[in-house]
1. Loop-only check: which chymotrypsin sites (Phe, Trp or Tyr not before Pro) in the stretch A:1-95 are DSSP coil with at most 12 other Cβ within 10 angstrom?
2. For the protein assembly as shown, report the convex hull volume of the alpha-carbon atoms normalised per residue, in Å³, without decimals.
3. Looking only at Cβ-Cβ distances, which cysteines of the protein assembly as shown have no other cysteine closer than 4.7 Å?
4. Nearest 5 percent is fine: what portion of the DSSP beta bridges confined to chain B is antiparallel?
5. Enter the Cα centre distance for the pair the stretch B:50-116 and the stretch A:49-112, rounded to the nearest angstrom.
6. If you average 1/r over every pair of different alpha-carbon atoms in the stretch B:5-81 and take one over that average, what Kirkwood value in Å do you get?
7. How compact is the stretch B:1-43 by the rule of thumb for globular proteins, expressed as Cα Rg over 2.2 N^0.38 Å?
8. Just the Cα atoms of the stretch A:25-67, one point each, no solvent: what log10 I(q)/I(0) does Debye give at q = 0.18, 0.23, 0.24 Å⁻¹?
Amino acid sequence: KQEVTQIPAALSVPEGENLVLNCSFTDSAIYNLQWFRQDPGKGLTSLLLIQSSQREQTSGRLNASLDKSSGRSTLYIAASQPGDSATYLCAVLGGSNYKLTFGKGTLLTVNP
Amino acid sequence: GAVVSQHPSWVICKSGTSVKIECRSLDFQATTMFWYRQFPKQSLMLMATSNEGSKATYEQGVEKDKFLINHASLTLSTLTVTSAHPEDSSFYICRGRGTSGKETQYFGPGTRLLVL
């Protein structure tokens, strides 16, 4: 059974800092890995999707890496802004059953 | 990207009533729909998987008689919470999977259910 762990559970940083969110998964047989953002009481916003054959994806100030063999992914946020405050969820799509397994998320607070 | 809608976005009901949540794929045919729920400060947990025209497959611990899922067409799936109780209060999100072969996740915006 796939298990996804996100560290840290919560993170508070001053505006302008670069930061890294971590995600690990137990079964490396994945189809892809995706990072989402969730604002309080809202749905999911897809940030980056990395296919199993890829090692990283970039979008603006966001960079996500994937090391499938070690079961790890990181989300790097450059020059953080208060508007980045949200919960960030990592999810892996199973390679055989197409089940999407989520981590518990990292609650990020960027202080002005 | 593909669009999935959910209705209603918010529902408040009395304990003991049934609530139906609709999930529609607006511009693609969703051969498979996944239903998730999210309790406060928790992650999304898969409740069930439904393929169009077939009975849903429920995850362990999810009562199939309480959470009725119908996927009668390629664009509509419904989740009915029967005899809802306060512990069913949660955020319910659907995800559609199409036939494009690209495993991109299309989520609905979610439905927040509050049972009084």
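1. For chymotrypsin sites (Phe, Trp or Tyr not before Pro) across the stretch A:1-95 that sit outside H, G, I, E and B with at most 12 neighbouring Cβ atoms in 10 Å, the list is empty.
2. 119
3. Result for the protein assembly as shown is B:13, no neighbouring Cys Cβ within the cutoff.
4. The answer is about 90 percent antiparallel.
5. 25
6. Details: mean 1/r = 0.0761 Å⁻¹.
Its Kirkwood hydrodynamic radius stands at 13.1 Å.
7. So the Cα radius of gyration is 1.44 times the expected 2.2 N^0.38 Å.
8. For the stretch A:25-67, the Cα-only Debye profile gives -0.58, -0.82, -0.86.
The values are calculated or read from the model by the stated rules, or taken from the named source; none is laboratory data. Here the structure is a predicted model, which is why all the values come from computation and not from measurement. Every residue, glycine as well, gets a Cβ built from its backbone with ideal geometry; the counts of neighbours run over all protein chains shown. When the accessible area is computed, the model is the full protein with side chains, heavy atoms only, and any ligands, DNA or RNA have been set aside. Shrake-Rupley method; radii C 1.70, N 1.55, O 1.52, S 1.80 Å.
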